[in-house]
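S.K.: Just passing along the structure, written as C-alpha cells.
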Amino acid sequence: MSIFRKLSWFFKLEKKTYLIGVSSLILVALIQLIPPKVIGIVVDSIASRQLTAKQLIIWVGILILVAVTQYFLRYVWRTNIWGGSSRLEKMLRKRLFHHFTVMDNTFFKEHRTGDLMAHATNDLTAIQNVAGAGILTFADSFITGSITIVAMVLFVDWRLTLIALLPLPLLALTSKILGAKLHDAFRESQETFSDINDKTQESVSGIKVIKTFGQEKEDIEEFEQKINHSIEKNNRVNTLDALFDPLITIIIGAAYVITIVLGGYYVVHKQITIGQFVSFINYIAMLVWPMFAIGRLFNVLERGNASYDRVQEMLSKKSSIVERENAITEPAKGTIQFEINQFQYPDGEHPVLTNIDFTLEQGHTLGIVGKTGAGKTTLLKLLLREYDDYAGTIQFGKQDIRDYSLNALLQSIGYVPQDHFLFSMTVKDNIRFASPKLSQAKVEEVAELTAIHEDILSFPEQYETMVGERGVSLSGGQKQRLSIARALVLNPELLILDDALSAVDAKTEEKILSNLKEQRKEKTTIIAAHRLSSVKHAQEILVLDEGKIIERGTHQALLAKQGWYAKMYEQQQLAEKIEGSEG
C-alpha cells in the first residue's frame with residue numbers, strides 16, 4: 001500500500017475527481033447489496049405462500065431500478081478514475097521528458113537510450129495502472145468486501161458471518177509475505193525489459209555494421225539470451241502472482257463449506273430463515289471477486305511501486321550544469337577569451353586540456369586542428385557548457401559563460417557537431433528546425449549558402465522530401481551541409497563547425513567557406529577540422545596535441561615554422577594531387 005502514500009501528492013491534486021469516483025464505487029457496493037436481500041425476501045414469501053403478483057412486480061421493479069442506477073454510477077466512476085489515471089500518466093511523462101532535456105552528458109553516459117525508453121513507457125504505464133486499476137481493485141477488494149461483510153452481519157447472522165470468514169487472516173498473512181517478494185521480482189523484471197530495449201535500439205541503429213561484418217547470427221543469439229533472461233525473471237513474477245488465486249480459491253471454498261454446514265444447521269433449528277440462508281449464499285458469492293481482486297491488487301500495486309521507485313530514482317539525478325541566480329538573460333555577444341588551466345572528464349583519470357589560452361575577437365575566425373584525440377571537440381564542449389567543472393575561465397563578451405542563462409548563451413551559438421543528427425521530417429523542416437515558421441525563401445537562402453540547394457532540387461519531392469530516420473536517405477556530405485544550413489537559420493553570433501566539412505569535396509568546401517566569409521563578416525566562427533584547407537583562411541589557427549597548444553598562428557606563419565602543421569599540410573596537399581591524377 002506504500003505506493004498510495006507515494007502518490008498522495010497526485011491524489012491531493014485530483015481529490016475532487018477521485019472523491020467522485022470512489023464515492024460512486026461505494027454507492028455501487030451499497031446498491032448491489034439490495035438484490036440478494038430482495039431475493040431472500042421473495043424466497044421467504046414463496047416459502048410461506050404469501051407472494052402476490054403485485055409484490056413480485058414491485059420487487060422486479062426495484063431490481064430494474066438498481067440495475068439502471070448501477071449502470072449510471074459505473075459510468076461516473078469509470079470516467080473519473082480512468083480519467084484521473086490518464087492525467088497522472090501525462091504529468092509523469094511530461095516531467096520525465098523535461099528531465100531528460102535538462103540533464104548533462106554524464107547522465108546520458110550512465111543511462112542508455114533503451115533504458116530511458118523503458119522508464120518513459122513500461123514504467124509509467126505501470127504507475128498509471130495504480131491510479132486506475134489500483135483504485136478500482138482496492139475498492140472492490142476492501143470497500144466492497146467490507147460493505148458485504150457488514151450486510152451479512154446485519155441482514156443474516158453475525159455468528160455465521162464470523163465463522164464463515166475465519167480463513168481470512170491466512171489471506172492477509174500470505175499477501176504480506178508475497179507482496180514484498182513481488183516488489184523485488186517486478187523491479188528485476190522491469191530491469192530486464194530495459195536491457196531488451198537497449199539491445200533492440202542498439203541493433204536497429206547499427207544494423208548496417210552488423211550486416212557488413214556478418215554478425216546477424218551472433219546478434220540474434222545475444223538478443224535471445226536477453227529474452228530468455230527476461231522470461232526467467234517474468235516467470236518468477238508469474239509464479240509468485242499465481243500463488244494468490246489458489247489460496248483465494250481455498251479460502252472461498254472453506255467459507256462455502258462452513259456456510260452450508262453451519263447455515264443448514266441454523267435453518268433446521270429456525271435461527272435463520274431459508275430466505276436469509278439464500279441471501280447469505282449470495283453474499284458469499286459477492287465476496288468471490290473482492291477476494292480475487294486482492295491478488296490482482298497486489299500485482300498492480302507492487303508493479304507500480306517498483307516502477308515508481310525506478311522513475312523517482314531517475315528524476316532524482318541532478319545535472320552538474322546549473323544556472324546561477326540572477327543569470328544574464330541578454331544574448332551573449334563579443335570577444336571570446338579562453339583561460340583554461342586544466343580540465344578532465346568526471347569519470348577520467350587524467351587531464352584532457354591543459355593551459356589553453358587564446359582570445360578570439362568578434363567577427364574573426366579561429367581554426368583548431370590536431371590529430372584525433374587531441375582535445376578539439378572537448379574544447380568546444382566547454383564553450384557549449386556541456387561541462388562546467390574546470391580550472392579557469394571562459395569569457396564571452398567579457399562575462400564568464402557560467403554567468404549567462406543557458407538560453408542566453410546557447411541561442412547565440414550555432415553548433416554543427418561531428419555526428420550529424422537529422423530528424424525524421426522533411427528537408428525543409430530539418431533546415432528550419434530552430435525557427436519552424438521560417439519562410440521558404442529564407443530556407444532556400446541558407447541552402448544556397450551551404451551549397452545544398454541544387455542537391456535538394458534533385459530530390460523526389462525537393463524541399464518536401466522526407467529524409468528518413470537520422471537522415472538515412474542522404475549521403476554524408478548532404479547531411480553535413482543540411483546541418484550547417486540548420487545552424488545558419490538563426491544567424492548566430494558564434495558559429496562552431498566541428499569537423500563539419502569532412503564529407504564534402506574540396507571544391508564544395510571552398511564554396512561554402514567563401515559564402516560564410518562573405519555573409520558572416522561581423523560574426524565569429526570557430527572551425528575544428530582534420531583537413532587543414534578548412535582553416536587556412538582563419539585569422540588564427542591553434543594546433544592541439546594531447547590537450548595542449550603546441551603551435552599557433554596564421555596559415556602562412558605556421559607553414560613557415562615547419563612544424564606539425566606544415567608537415568600535415570604538405571601530406572594532405574600531396575594526397576589531393578594523387579587523387580586528382582587518379583581521377
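One line per residue, one yes/no per condition, for (1) over 24 Å from residue 142 (Cα atoms); (2) in contact with a helix residue (DSSP H, G or I) (Cβ under 8 Å, 6 or more places away or on another chain); (3) in the same structural domain as residue 146 (by TED's automatic domain parsing):
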| site | (1), (2), (3) |
| --- | --- |
| 21 | no, yes, no |
| 24 | no, yes, no |
| 40 | yes, yes, no |
| 57 | yes, no, no |
| 66 | no, yes, no |
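S.K.: Please enumerate the residues belonging to segment 303-328 that are crowded, with 16+ Cβ neighbours inside 10 Å and of a type in the set (S, T, N, Q).
M.R.: Matches in segment 303-328: 305, 307.
S.K.: Suppose we keep only residues that are in a loop (DSSP other than H, G, I, E, B), farther than 28 Å from residue 577 by Cα and not acidic (Asp, Glu) within segment 518-534. Which one would you say is farthest from the chain's Cα centre (by Cα)?
M.R.: Filtering first and then ranking leaves 521.
S.K.: Taking the condition outside the structural domain of residue 389 (by TED's automatic domain parsing) and at pLDDT below 75, does residue 177 pass?
M.R.: Values: outside the structural domain of residue 389 (by TED's automatic domain parsing): yes; at pLDDT below 75: yes.
Taking the combined requirement at face value, the residue satisfies it.
S.K.: Are there any pairs with C-beta distances below 6 angstrom linking a residue in segment 120-131 that is not assigned by TED's automatic domain parsing to the domain that holds residue 308 to a residue that is surrounded by fewer than 23 Cβ atoms within 10 Å (Cβ to Cβ), with the two at least 6 apart or on different chains, and if so which?
M.R.: That search, which allows pairs on different chains as well, returns nothing.
S.K.: Among what's in segment 72-110 and is touching an Asp or Glu at 6+ places or on another chain (Cβ under 7 Å) and within 16 Å of residue 19 (Cα to Cα), pick the residue that is surrounded by the fewest Cβ atoms within 10 Å (Cβ to Cβ).
M.R.: 87
S.K.: In segment 85-110, which residues are modelled with pLDDT under 85, assigned to a helix (DSSP H, G or I) and charged (D, E, K, R)?
M.R.: Answer for segment 85-110, where residues must be modelled with pLDDT under 85, assigned to a helix (DSSP H, G or I) and charged (D, E, K, R): 109, 110.
S.K.: Within the set of pairs 6 or more residues apart or between chains, which connect a residue that is outside any helix (DSSP H, G or I) inside segment 546-560 to a residue that is among the aromatic types (Phe, Trp, Tyr) with Cβ atoms less than 7 Å apart?
M.R.: From residues that are outside any helix (DSSP H, G or I), the pairs are 550/564; 551/564; 551/565.
S.K.: In the list 136, 124, which residue meets the criterion of being within 18 Å of the chain's Cα centre (by Cα), among the aliphatic types (A, V, I, L, M), on the phi < 0 side of the Ramachandran plot and surrounded by 19 or more Cβ atoms within 10 Å (Cβ to Cβ)?
M.R.: On the way: 136 fails: within 18 Å of the chain's Cα centre (by Cα).
Only one candidate passes the filter, namely 124.
S.K.: May I ask you to verify whether residue 334 is within 19 Å of residue 500 (Cβ to Cβ), in contact (Cβ under 8 Å) with a residue 60 or more places away in the chain and assigned by TED's automatic domain parsing to the domain that holds residue 544?
M.R.: When the stated conditions are applied, residue 334 does not pass them.
S.K.: Take the residues of segment 33-54 that are of a type outside the set (A, V, I, L, M, F, W, C) and either free of Cβ contacts under 8 Å to residues at least 12 places away in the same chain or touching a Leu at 6+ places or on another chain (Cβ under 7 Å) (or both): which is surrounded by the fewest Cβ atoms within 10 Å (Cβ to Cβ)?
M.R.: Ranking the candidates gives 49 first.
S.K.: Follow-up. Just the residues that are closer than 24 Å to residue 301 by Cβ and either β-branched (Val, Ile, Thr) or at pLDDT below 75 (or both), please, taken from segment 198-232.
M.R.: First pass over segment 198-232, keeping only residues closer than 24 Å to residue 301 by Cβ: 230-232.
The one that is closer than 24 Å to residue 301 by Cβ and either β-branched (Val, Ile, Thr) or at pLDDT below 75 (or both): 231.
S.K.: May I ask you to say which residue of 303, 296 is under 22 Å from the mean Cα position of the chain (by Cα) and either at pLDDT below 85 or in the same structural domain as residue 117 (by TED's automatic domain parsing) (or both)?
M.R.: 303
S.K.: For segment 474-500, what are the residues that are over 16 Å from residue 447 (Cβ atoms), surrounded by 15 or more Cβ atoms within 10 Å (Cβ to Cβ) and at pLDDT below 85?
M.R.: Within segment 474-500, just 499 meets the criteria.
S.K.: Let me ask something else. What is the number of the single condition among (1) assigned by TED's automatic domain parsing to the domain that holds residue 452; (2) closer than 16 Å to residue 416 by Cα; (3) crowded, with 16+ Cβ neighbours inside 10 Å; (4) modelled with pLDDT under 85 that residue 467 does not meet?
M.R.: For residue 467, the exception is condition (2).
S.K.: Okay, moving on. Which of the helices (runs of 4 or more DSSP H) contained wholly in segment 5-84 include at least 2 residues that are under 30 Å from residue 274 (Cβ atoms) and modelled with pLDDT under 85?
M.R.: Correct list: 15-31, 34-47.
The values are calculated or read from the model by the stated rules, or taken from the named source; none is laboratory data. A quick note: this is a predicted structure, and the numbers were derived from the prediction, not measured. Note: ideal-geometry Cβ built from the backbone for every residue, glycine included; neighbour counts use all protein chains shown.
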